[in-house]
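The structure under discussion appears below in the form of structure tokens.
The values are calculated or read from the model by the stated rules, or taken from the named source; none is laboratory data. The structure displayed is predicted, hence computed values, not measured ones. Backbone-built Cβ (ideal geometry, glycine too); neighbour counts: all protein chains shown. Keep in mind that these areas ignore ligands, DNA and RNA; they rest on the heavy atoms of the full protein, side chains included. Shrake-Rupley method; radii C 1.70, N 1.55, O 1.52, S 1.80 Å.
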Amino acid sequence: MEESKWYVVHTYSGYENKVKANIEKIIENRHLEDQILEVRVPMQDIVEVKNGSKKQVSKKLFPGYVLINMIMNDDTWYVVRNTRGVTGFVGPGSKPVPLTEAEMRPLGIQGENIVLDFAEGDNVVVTDGVWKDTIGAIQSINTNKQCVTINVELFGRETPVEISFAEIRKL
């Protein structure tokens with residue numbers, strides 16, 4: 001069986017949620033659950049200030065685009081491409097191009113499960129970057145961003161710093 005990949009679909013602006021709902025309905029009606037696995041409209045929580053009051057709102061990360069995790073074949077391409085509100089796949093001509101692991105990482109979409117050999121409270125040494133050779137205790141772990149927060153001493157006080165998994169080693 002082929003491997004599913006993430007594809008980007010261009011939609012009419014403002015139709016992202018409607019396209020998501022339409023595709024999910026088609027998946028259910030045509031029993032394509034094993035070929036089109038997930039449909040997402042990436043959202044971002046931001047704080048807006050209007051008339052002096054702060055308000056937390058969700059905004060679309062990529063207006064006019066929907067992400068779909070699917071196995072690309074003629075049937076799935078046809079279903080998605082002919083969904084009302086969809087203008088096409090992102091890619092040259094009619095050939096959709098899947099997202100790479102590097103493109104998916106900032107979106108919080110994990111391709112593979114990461115096994116960590118450290119946990120909160122463990123002491124680590126930074127092996128690369130600005131904080132090289134700095135030792136600190138892990139305060140928090142963010143697997144989506146693939147980083148840890150450690151406290152380092154800066155100007156005589158403890159300061160939290162985010163460090164990539166690739167830049168640390170357990171003591």
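See the values below:
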{"item": "Rg followed by Dmax, in Å, when segment 18-84 is reduced to its Cα trace", "result": "16.0, 52"}
{"item": "Area accessible to solvent at Ser4, 1.4 Å probe radius, in Å²", "result": "40"}
{"item": "Charge sum, other residues only, whose C-beta stays under 15 Å from Pro63's C-beta, Lys/Arg counted +1 and Asp/Glu -1", "result": "+4"}
{"item": "Heavy-atom accessible surface of the chain: percent carbon and sulfur, 1.4 Å", "result": "48"}
{"item": "Average accessible surface area per residue within the chain, 1.4 Å rolling probe, Å²", "result": "65"}
{"item": "Listed residues Ser53, Pro92, Ile36: farthest to the positive end of the dipole of the chain (Cβ charges)", "result": "Ser53"}
{"item": "Semi-axis lengths (Å, descending) of the ellipsoid that matches the C-alpha gyration tensor of the chain", "result": "39, 22, 13"}
{"item": "Flagged links, alpha-carbon separation over 32 Å, of Lys54/Lys132; Lys60/Lys170; Lys50/Lys95; Lys5/Lys59; Lys18/Lys55", "result": "Lys54/Lys132; Lys60/Lys170; Lys50/Lys95"}
{"item": "Calculated [θ] (222 nm, deg cm²/dmol) that DSSP helices of n ≥ 4 give over the chain, each run adding -39,500 (n - 2.57)", "result": "-4500 deg cm²/dmol"}
